[in-house]
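Have a look at the structure below, then the notes.
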């Protein structure tokens with residue numbers, strides 16, 4: 001950092017050193033830069049317009065890598081006002097503000113190259129770390145995908161096995177119910193055979209009971225049939241037939257269709273082409 005004894009240069013030196021950076025701060029008169037010397041920085045003398053001063057600085061920091069060069073030194077408002085400016089003043093300002101930064105960069109070029117190489121090495125090291133982590137992440141991703149596929153297969157196998165077990169249980173339950181019913185029927189049949197075989201008149205009594213029940217049921221059916229009044233049902237049926245015939249006649253008249261009369265005559269629609277419903281018989 002050039003011109004670090006006051007102003008922006010001092011603020012930069014203070015901030016950068018405060019965050020832990022190694023700072024080389026320059027001033028034209030370091031013995032007067034009391035505040036700068038209180039900071040945790042390396043103070044060097046430099047007049048950017050003086051070639052000898054540049055050479056001394058380059059020798060003092062020889063072999064020290066420099067990552068960033070901040071050319072802050074310049075001649076500003078402290079000089080004479082414009083009406084009093086002399087050619088010498090303009091040349092001095094030009095050397096400090098224009099050619100000075102270029103001369104500083106040229107003098108410290110080996111340091112900047114060394115700093116850039118060091119920084120490049122650090123970035124390369126970080127890049128290798130990132131690439132290694134990326135490769136590990138890719139492998140982990142592949143393993144995770146393989147594990148996921150295996151889990152899907154295991155799920156499908158488990159579902160298929162469960163379905164097969166459910167079907168087997170259903171068949172077993174159905175077979176169990178059937179066998180239980182057959183056992184109950186066999187037990188009933190065995191009981192009936194034992195009962196019938198144990199008494200000679202059991203079948204006769206059973207037949208008599210069945211005949212009596214059939215006779216009673218037939219009698220109840222006749223009574224119910226004789227007591228049923230069908231006149232209302234027949235009248236309702238006739239009304240439904242009449243309404244259906246009337247609706248069919250209205251539809252035929254609207255559409256110009258000739259209907260075959262259920263009586264001796266026939267009904268024709270209004271003028272126009274005659275349409276018919278159903279086959280017609282030829283007349284001799």
Next item on the list: Only residues that are buried (at least 17 other Cβ atoms within 10 Å of the Cβ) and free of Cβ contacts under 8 Å to residues at least 60 places away in the same chain: list them for the stretch 70-94, please.
Entry: 75, 93
Checklist line | Checklist (1) part of a helix (DSSP H, G or I); (2) within 24 Å of residue 5 (Cβ to Cβ); (3) modelled with pLDDT of 85 or more applied to residue 151, failing item | finding: (2)
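So if I check each of 55, 60, which one is over 19 Å from residue 5 (Cβ atoms) and surrounded by fewer than 17 Cβ atoms within 10 Å (Cβ to Cβ)?
Numbers: 60 fails: over 19 Å from residue 5 (Cβ atoms).
Being over 19 Å from residue 5 (Cβ atoms) and surrounded by fewer than 17 Cβ atoms within 10 Å (Cβ to Cβ) holds for just one of 55, 60, which is 55.
The values are calculated or read from the model by the stated rules, or taken from the named source; none is laboratory data. Worth saying up front: this structure is predicted, and the values here are computed from it rather than measured. Here the Cβ is made from the backbone with ideal geometry for all residues, glycine too, and neighbour counts use every protein chain on show.
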